[in-house]
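K.L.:
Have a look at this one.
The values are calculated or read from the model by the stated rules, or taken from the named source; none is laboratory data. Computed from a predicted structure; not experimentally measured. Neighbour counts are summed over all protein chains in view; Cβ atoms, including those assigned to glycine, are modelled from backbone coordinates with ideal geometry.
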Amino acid sequence: METVSAKDLCIKGLLTALVAVATMSIAMPIPATSGYIHLGDSVIFIASVFFGWQYGLVAGAVGSMFADIFMGYSHWAPFTLIIKGLMGLIVGKIANYSGAKGNFFSIRNMLGPLLGGLWMVFGYLIGGTILKGSFLVALTSVPANLLQAIGGFILFIVIGTALNKGKIYKYISVK
């Protein structure tokens, strides 16, 4: 069994808190879907690309789940735990950030969040089908979830560009 360093544990905890805060800070409820649109996905993308899949998985799963619980969407929390955790895993497994080489805008770093966002849309379609008992009713959530994925991707590019230009790779040695 691999041991987890105090540094790794602290980084995972901070990223988890960042996901929860970003998710809760600007959240627009969508009554038709019993959910909300938020900015937390961009932080999951950042965590996964800059720190790796383990960090994206933990921060995405736990941070997003706690945001659901704290905001009164507990019925979504089990689905969110799985969907957002897998989203972080997918993004991190595809991405290949190596800041010293200046490749933030690599195909893989852009493809990861796009595919992760599509997974999120599909995952909530399945979760909504289970919760609502109807595929057609759950299908109405797809446009809002696509909007959330696109918004998260755009914000990921803005924040990621700033972090890359700020040479964050000098301070990250967790991969």
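K.L.:
What's the number of the condition residue 172 fails, among (1) part of a helix (DSSP H, G or I); (2) in contact (Cβ under 8 Å) with a residue 12 or more places away in the chain?
P.N.:
For residue 172, the failing item is (1).
K.L.:
Taking region 31-40, which residues are touching a residue at least 24 places away in the same chain (Cβ under 8 Å) and either assigned to a helix (DSSP H, G or I) or within 20 Å of residue 116 (Cβ to Cβ) (or both)? Reasoning before the result, please.
P.N.:
Taking region 31-40 first, the residues touching a residue at least 24 places away in the same chain (Cβ under 8 Å) are 32-40.
Correct list: 32, 33, 35, 36, 37, 38, 39, 40.
Here is a yes/no grid of residues against (1) without any contact (Cβ under 8 Å) to a residue 40 or more places away in the chain; (2) touching a strand residue (DSSP E or B) at 6+ places or on another chain (Cβ under 9 Å); (3) within 23 Å of residue 8 (Cβ to Cβ); (4) not aromatic (Phe, Trp, Tyr):
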{"residue": "75", "(1), (2), (3), (4)": "no, no, no, yes"}
{"residue": "87", "(1), (2), (3), (4)": "no, no, yes, yes"}
{"residue": "107", "(1), (2), (3), (4)": "yes, no, no, yes"}
{"residue": "112", "(1), (2), (3), (4)": "no, no, yes, yes"}
{"residue": "121", "(1), (2), (3), (4)": "yes, no, no, yes"}
{"residue": "137", "(1), (2), (3), (4)": "yes, no, no, yes"}
{"residue": "140", "(1), (2), (3), (4)": "no, no, no, yes"}
{"residue": "143", "(1), (2), (3), (4)": "yes, no, no, yes"}
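K.L.:
Select from region 1-26 the residues that are exposed (fewer than 11 other Cβ atoms within 10 Å of the Cβ) and part of a helix (DSSP H, G or I) and write down the one among them that is modelled with the highest pLDDT.
P.N.:
My answer is 10.
K.L.:
Quick check on region 27-34. Is at least one of its residues buried (at least 24 other Cβ atoms within 10 Å of the Cβ) and either modelled with pLDDT of 95 or more or β-branched (Val, Ile, Thr) (or both)?
P.N.:
Step one: of region 27-34, the residues buried (at least 24 other Cβ atoms within 10 Å of the Cβ) are none.
Scanning region 27-34 turns up no residue that is buried (at least 24 other Cβ atoms within 10 Å of the Cβ) and either modelled with pLDDT of 95 or more or β-branched (Val, Ile, Thr) (or both).
K.L.:
Given the options 133, 88, 123, name the one that is closer than 20 Å to residue 149 by Cβ and over 11 Å from the mean Cα position of the chain (by Cα). Outline the logic, then answer.
P.N.:
Details: 133 fails: closer than 20 Å to residue 149 by Cβ; 88 fails: over 11 Å from the mean Cα position of the chain (by Cα).
Of the residues listed, the single one that is closer than 20 Å to residue 149 by Cβ and over 11 Å from the mean Cα position of the chain (by Cα) is 123.
K.L.:
Then there's this: As an exercise: evaluate residue 42 against (1) buried (at least 21 other Cβ atoms within 10 Å of the Cβ); (2) more than 17 Å from the chain's Cα centre (by Cα) and give the number of the one condition it does not meet.
P.N.:
With (1) buried (at least 21 other Cβ atoms within 10 Å of the Cβ); (2) more than 17 Å from the chain's Cα centre (by Cα) applied to residue 42, the lone miss is (2).
K.L.:
I would also like to ask the following. Please tell me if residue 163 is of a type in the set (A, V, I, L, M, F, W, C), under 28 Å from residue 5 (Cβ atoms), within 19 Å of the chain's Cα centre (by Cα) and at pLDDT below 95.
P.N.:
Numbers: of a type in the set (A, V, I, L, M, F, W, C): yes; under 28 Å from residue 5 (Cβ atoms): yes; within 19 Å of the chain's Cα centre (by Cα): yes; at pLDDT below 95: yes.
So residue 163 fits the description; yes.
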